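This report concerns only the one structure given below.
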4 protein chains.
Amino acid sequence: MTTETMLKTHPSAGANTADLAAVIDDVLACMQACLSCADACLHEDMVADLRQCIRTDQDCADICEATLRVLSRQGSTDTNILASLLSACVAACAACAAECESHSDMHEHCRACAEACRRCESSCRRMLEDLG
Amino acid sequence: MTTETMLKTHPSAGANTADLAAVIDDVLACMQACLSCADACLHEDMVADLRQCIRTDQDCADICEATLRVLSRQGSTDTNILASLLSACVAACAACAAECESHSDMHEHCRACAEACRRCESSCRRMLEDLG
Amino acid sequence: MTTETMLKTHPSAGANTADLAAVIDDVLACMQACLSCADACLHEDMVADLRQCIRTDQDCADICEATLRVLSRQGSTDTNILASLLSACVAACAACAAECESHSDMHEHCRACAEACRRCESSCRRMLEDLG
Amino acid sequence: MTTETMLKTHPSAGANTADLAAVIDDVLACMQACLSCADACLHEDMVADLRQCIRTDQDCADICEATLRVLSRQGSTDTNILASLLSACVAACAACAAECESHSDMHEHCRACAEACRRCESSCRRMLEDLG
C-alpha cells in the first residue's frame, strides 16, 4: 500500500501505478528472500554443498536491488536501460529459483525463496513484454 | 508474510522472528518511499527548493538498504556493528522525516515518505533499545 | 592493486585475475563518478534542465554497483546471469556517457563522468564478448 | 584521480576535496576487498569455520557501500547523518579487520582484506574527528 501511495503522488505518475507498485513489491520481497536464504544456507551444516545456492541468492539480491532503485524512479526514464535491467533480473530470478527448487525438499527457506523468485521473474517478464 | 517465513526457517532463527520481520518490513517500506520521494521531488517544478529533501531521501534510502542487508542475516551477528548501524538508521530516518514533514502540506509524496520514515525510525529505535 | 591482490588469492581464482581486476576497477570508478555527477547536477543553478542527466547517472551507479558485487565473486559463477548483467551495464554506461557528453562543455563533472562511463562500457563489452 | 576530479568539479566543492577523495577511495577499496574476501572464504575447504568472517565481510561491504554513496554527495549535507554513518563504518571496519587478522596467517585474502579495513577505519575515524 505504501508503494502505490508513493508512486501515484509522483508528478510524472503514469496510468499504471498499481501495476508498477505490484512489480516493485515483488522485487522487494525477492530481494529480502534471497538475502535471508543466502545467510540461512551459510548456517546449514551442509554449507559446503550449498555454495552455488548462496552465490545465486547473492547475485539475485544484488540485481533485484538495482531493479528496485531504477523502477522506483518514474521521471526521465530511459527505456533502453530499463529493458536491459529487467532482462538481467528475469535471468537472475529464473536461475535462483531453479537452484533453490533443486533442494527445496530439504530446506524450507529454499522453497520459500524459490516462490519469491518465481513471482518476481514473472512480474519482471510481464513488464518487459509491455515495454514492447 | 514472506519476510517472516524466510526468517523463521533460518537454522539460527531466534524466538523473535515476528518482531524482526516487522522491523525489516518497515525498513523495506522506508527505503522504497525514500527512493520514490527523491525522484518525485526531482520532477517537481520547484526542484531548486527541494535539494535538501532529495539529499536526505537519498541518504536515508542508502542507510536503510545497508540496514536491511545486515538485519536479514540472522547467523554470526556482531552486536556492535548492528547497534551502530541501527543508530545511523534512526538518525537518517528522523532527519528525513523532519525534512519531509516541513513541506508535507505541499507534496503528498513527502507526507507519505515522512510516515514511512517515522515508522522505520520507531522500529529501529525499539530494536536498538532491546539490544541493551 | 588491492583489487588484483584480492582476486588472485581467491581459492577459485582463474588465469585472468589482472584482466578481471581492471574491469572491476573501471566499474568502481564509474559508480563513484555517477554518484558524484548526479549530486553535482542537483546543485547546479540549472538543475531543472539536468533531470535526465541526474536520472541516468543514478541508474548507471546502481547497475554498476550490482555489477561490482557480482564480478567480485569468483566462485560458483552462473555465466547466464553474468552475461545479462554485463549487457545491462554496457547499456547504462553508454546511455549515461551520451547524456553527459551532450553538455560536457558546460559542466566539468559531466565531462569527467562521461569518460569514466566510456571506460566502463568498453571494459564490460570486452568481458561480455570474451564470455562467448 | 577520477574521484578527486569528480569532487572538485562539484558546484558545492569544499576546500578539502583531496582529503575527501582519499577517504572515498579507501571506502571503495575496503568494500571491494570485503566482497572478494566473503566469496573467497565461502570457497575455502574449511568454509564451516569461516562463517563469522563471511558475515563480518558482508556487513562491512554493505556499510561501506552506504558510506560511499553518502560521502559522494557534497551538497546539502546533514552532519548528523554523516557522523552516525561514519561511526557505523568505523565499527564495521574494526570488527572485520579483527576477525580477518585472527586467521590471516592461513588465508592471504583475509590478510589483504584486514589491511583494507584498517585503512578505511582510520580514514573514517579521522574524518569523524574533523566533523567536531
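Values in this text are rule-based calculations from the coordinates and carry no lab data. Since the structure is predicted, the reported quantities are computational estimates derived from the model, not experimental observations. No Cβ is skipped: glycine too gets one built from the backbone with ideal geometry, and neighbour counts run over all protein chains shown.
Structure values in brief
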| read-out | value |
| --- | --- |
| Computed over the protein assembly as shown, Cα set: Rg, Dmax in Å | 20.8, 60 |
| Lys, Arg +1 and Asp, Glu -1 on Cβ, resulting dipole of the stretch D:25-124 about Cα centre, debye, nearest 20 | 400 debye |
| C-alpha long axis of helix B:51-71 to longest principal axis of chain B, angle in ° | 10 degrees |
| Alpha carbon centroid spacing (whole Å) that separates the stretch C:4-35 from the stretch B:1-41 | 32 Å |
| Anchor B:Lys8: lysines whose Cα lies under 28 Å away (excluding residues fewer than 8 positions away in-chain) | none |
| Degrees separating the helix B:79-101 axis from the principal Cα axis of chain B, which is the longest one | 20 degrees |
| Loop-located trypsin sites (Lys or Arg not before Pro) in the stretch B:40-132 whose Cβ has at most 14 other Cβ within 10 Å (DSSP) | none |
| Convex hull volume per residue for the stretch D:86-132, taking Cα atoms only, in Å³ | 45 Å³ |
| Percent RCO, i.e. relative contact order, over chain D, from Cα pairs under 8 Å lying at least 6 residues apart | 28 percent |
| Translational diffusion coefficient (Stokes-Einstein; Kirkwood radius from C-alpha pairs) of chain B at 4 °C, 1.567 mPa s, in µm²/s | 86 µm²/s |
